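Report on one structure; see the data block that follows.
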Amino acid sequence: MLLKSAAGRGTLAATVLASGMAILDGTVVNVALPHLGKDLHAGLDGLQWTVNGYALTLAAFVLLGGALGDRYGRRQVFLIGVVWFTLASVLCGVSVSIGMLIAARILQGIGAALLVPGSLAIIQSVFDPDERGKAIGAWSGLGGIAIAAGPFVGGWLIDTLGWRWVFYINVPLAVLTVVLTLVYTPETRSPEARARFDVPGALLTAVCLGSTTYALIEGNLPAGLLGIVAGVAFLYVERRSTAPMLPLHLFRSREFSVINGVTLFVYAAVYGVAFFLPVFLQVSAGYSALAAGLSLLPFTLVLLFFSSRAGALGHRLGPRIPLTVGPVISAAGCLLLIGAGESYWLRVLPGVLVLGVGMTTLVAPLTAGVLAAAPDRFAGVASGINNAVSRAAGLLSVAALPALAGLSVGSYTNAVAFASGYRIAMAFCAGLMVCGGLTAGVLLRSGPSKAAA
């Protein structure tokens with residue numbers, strides 16, 4: 001398939017729309033938290049579960065979703081994921097209680113776990129080899145534009161139509177995605193795909209992450225112990241499985257292990273900022289939903305326009321320098337955001353820009369480094385593992401940071417109390433960034449990665 005053909009353009013549009021929906025619902029919902037919390041009479045723990053319910057099932061099942069597509073057909077599983085995600089979005093929009101919303105968000109995450117890996121796998125499998133690079137580049141660029149537009153669209157919908165439209169907007173996008181996929185996208189499968197799937201591994205991952213998250217949010221010790229037991233059982237199952245979801249032998253590579261460790265620290269901080277900043281700006285600084293949504297737009301634009309140059313530099317230098325310097329710069333951005341307040345240009349934008357520069361420095365070298373550290377035949381698995389690590393980091397961060405910041409269930413409705421907790425949380429985020437930089441600086445080897453060589 002050629003990118004310039006009608007089928008190529010239609011397939012690319014379908015994959016961009018679908019992945020854009022999943023990404024937006026993982027970020028724009030943060031802007032809606034104060035509004036939906038007030039409407040559904042939710043406490044801070046309810047807001048945490050609104051974010052983490054989605055992240056939990058997406059992180060737990062994204063690797064399984066990719067394997068199902070390889071085995072049963074990438075287009076088929078992709079379409080199931082889009083329809084599932086959309087129906088769950090409608091359930092989110094009609095929710096009459098915070099419990100119903102959380103349950104619908106959990107279902108949304110399962111749909112996202114089916115469509116997210118399928119979107120890129122379809123591009124990889126249907127386009128001619130000479131066209132794949134262009135198609136992936138276009139997919140990345142158009143996806144970046146969708147992410148950049150998300151805060152504006154989400155904030156506008158919340159201010160004009162209400163928070164429920166953050167979910168309803170997925171319906172027309174999904175209808176267009178389904179039509180384009182059915183008309184233009186051929187079915188593909190992997191002849192090497194195994195008939196067996198690591199369902200026990202996926203379920204144990206969900207139990208481990210879910211129990212740990214519950215323990216951190218609710219302060220429940222038995223749930224924490226269950227999470228530990230499930231984590232140990234997961235490692236045992238993966239070690240003995242003939243088709244493991246997580247091939248443990250990949251972690252024999254020092255570089256692979258260290259870069260995933262850096263990922264854990266860095267993305268825990270990033271998700272923490274993304275959770276706290278929009279809520280703080282609305283609750284404590286008096287911003288509208290639109291203004292709060294737009295507050296992180298410069299961060300996204302810096303990533304969008306300069307990541308390719310940072311990736312080229314990291315390709316020449318190797319991952320150690322970017323993964324050491326980038327988190328330290330990002331930590332400075334988090335510290336600047338401690339002083340965020342009513343004046344966006346003086347007290348918010350500087351921190352957002354510095355954070356964006358730091359993340360731009362490290363994101364592309366991190367992705368390239370983790371792929372270079374794995375054998376070529378495990379490139380897809382390595383990418384999936386790194387993606388799951390970043391999502392799990394965000395899940396645990398949103399669960400733990402409010403308690404570490406001393407915030408109670410009703411704190412987000414109190415401007416003074418939330419402001420105090422927000423500043424503590426930003427300090428923790430800065431500390432996590434520094435830990436990521438130190439991990440890379442001390443444990444990674446100098447010089448170009450295997451990919452550069």
Practice task
Identify, from the list I98, I110, I80, the residue that is surrounded by fewer than 24 Cβ atoms within 10 Å (Cβ to Cβ) and within 19 Å of the chain's Cα centre (by Cα).
Solution key: I110
Practice task
Find the helices (runs of 4 or more DSSP H) located wholly in the range 241-334 whose residues include 3 or more that are at pLDDT below 90 and surrounded by fewer than 20 Cβ atoms within 10 Å (Cβ to Cβ), and list them.
Solution key: 297-317
Practice task
Give just the number: which of (1) more than 21 Å from G210 (Cα to Cα); (2) touching an Asp or Glu at 6+ places or on another chain (Cβ under 8 Å) does A112 not satisfy?
Solution key: (1)
Problem - Per-region count, the range 216-257, residues free of Cβ contacts under 8 Å to residues at least 40 places away in the same chain and either hydrophobic (A, V, I, L, M, F, W, C) or over 30 Å from G43 (Cβ atoms) (or both) - result: 20
Practice task
Please tell me if Y184 is over 24 Å from the mean Cα position of the chain (by Cα), surrounded by 15 or more Cβ atoms within 10 Å (Cβ to Cβ) and within 27 Å of L87 (Cβ to Cβ).
Solution key: yes
Fill in the blank from the handout: Flagged in the range 335-379 as crowded, with 20+ Cβ neighbours inside 10 Å, small (G, A, S) and either in contact with a strand residue (DSSP E or B) (Cβ under 6 Å, 6 or more places away or on another chain) or under 30 Å from L246 (Cα atoms) (or both), in numbering order, are G358, A364, A368, G369, A372, A373, A374
Completion exercise
Within the range 149-161, residues being surrounded by fewer than 17 Cβ atoms within 10 Å (Cβ to Cβ) and either among the small types (G, A, S) or outside the structural domain of A13 (by TED's automatic domain parsing) (or both) number 1
Exercise for the section: State whether one or more residues within the range 207-221 are more than 24 Å from the chain's Cα centre (by Cα) and assigned to a helix (DSSP H, G or I). Expected result: yes
Practice task
Answer with yes or no whether A174 is touching a Ser or Thr at 6+ places or on another chain (Cβ under 7 Å), under 28 Å from A7 (Cα atoms), buried (at least 22 other Cβ atoms within 10 Å of the Cβ) and not assigned by TED's automatic domain parsing to the domain that holds L296.
Solution key: yes
Exercise for the section: May I ask you to verify whether L64 is touching a residue at least 12 places away in the same chain (Cβ under 8 Å) and closer than 30 Å to S408 by Cβ? Expected result: no
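The values are calculated or read from the model by the stated rules, or taken from the named source; none is laboratory data. Keep in mind that this is a model prediction, so the values were computed, not measured. Positions of Cβ are backbone-derived with ideal geometry, glycine not excepted, and every protein chain shown enters the neighbour counts.
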